[in-house]
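A short write-up of the structure that comes next.
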Amino acid sequence: MQALTIARYSLKKASREKVFYLVPLITIVALALLQNLRFFDVGVRAKVLKDFGLAAVGLFGFFLALVTCLSLVPFEREQRTVHFVFSKPVPRHAFVLGKFLCISFLLTLNLAVVGGELLGLVKLYSGSWDPNLIRGMYLIWLKLNVFAAFVLLLSTTLSLILTMFAAVLGYAVMHAAGLAEASITSGTPPAFQHVVHALLSVVPDLTHFDSSYAMVHGYEIPLWYMGLLTAYAAIYVAAFLSVTTWVVDVTEL
C-alpha cells in the first residue's frame, strides 16, 4: 500500500515535467513520418514500417526510462526531499518499489499510445491487424522495465551525471556483451579475461527481446518464448530492485 502511495506521488511529480509529454510526442511524429514511404510497394512498406517503427519505439522508450529514473531519485537526493520521505515510517523496499511502479506505469502508457499508432499504420498498409506486432511491443516493454530497474539501482549510488553515463554504457553493453568482452579483454592476461567473462555473464542480454527480424520476415513469436522472456525479465528486475533496496537501507541517500 505504501509503495502505491509513493508511486502516485512520484507520478504527480513526473506529470509536471514537460519532457514526459515531449518524448511520446516525438515518437508519434516519427512514426507518422515513417508512413510516407511511397517509393516502396505496399508489402515492403509494411515491413519497413514494422522494422523502423519498433526501433523508434524502443529508442524513445529508452530515453523515457532514462529521463524518468534520473528525475525520481537523483533530483530528490539533491533537493533533499528524499529525507522527508524517510523521516516517516516508510520501509525502504516500499520506496524502491514505488519508484519502479511509477516508471513502469509511464512506460506502459507511452508504449500503449505509440504502439497503438504503429499498429494502426501497419493495418492501414497491410489491410489486416498484426497480433504479432503486439507481442513485439510487449517484448520492448519487458526490456525497458529491466533497463529501468538497472538505472534505478545506479541512481541510488551515483551522481546525476555518472548515472546518465553509466546507464548509457550499460545499455550498450547489454546489447553487445560479446563485443564488449572482446574489446575489454583484448591483449590482457587470461586471469583478467576470466574475471571479465564472469562479470558479463550475469549482465542481462537485452538482444533476446529484439523482435524486428521476426516482424520483417513474418515469423510468429511463440507464446512459450514470450513466457521464458517474461520470467527472464522478472528475475533481473527483482534482482536489481533487491540490490537497490539493500543499497538504500545501508546508505544515506
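Before moving on, here are some points about what is shown:
- For His194 and Thr108, the FRET efficiency from 1/(1 + (r/R0)^6), where r spans their Cβ atoms and R0 equals 35 Å, is about 0.30.
- Sorting Lys50, Lys123, Lys12, Lys99 by solvent-accessible area of protein heavy atoms yields Lys12, Lys123, Lys50, Lys99, largest first, with a 1.4 Å probe.
- Neighbourhood net charge (13 Å Cβ-Cβ; Lys/Arg +1, Asp/Glu -1) for Leu229: 0
- Lys13/Asp249 FRET efficiency (R0 22 Å; Cβ-Cβ; nearest 0.05): 0.45
- Every Cα-Cα pair of region 137-176 was included, and the share exceeding 11 Å stands at 62 percent.
- Full-stretch length increase - Val203, Lys123 - with 0.36 nm per residue and alpha-carbon distance subtracted: 25.1 nm
The values are calculated or read from the model by the stated rules, or taken from the named source; none is laboratory data. Quick caveat: nothing in here was measured; it's all calculated off a predicted structure. Positions of Cβ are generated from backbone atoms using ideal geometry, with glycine treated the same way; all protein chains shown enter the neighbour counts. What goes into the accessible areas is simple: the full protein's heavy atoms, side chains included, and nothing from ligands, DNA or RNA. Shrake-Rupley method; radii C 1.70, N 1.55, O 1.52, S 1.80 Å.
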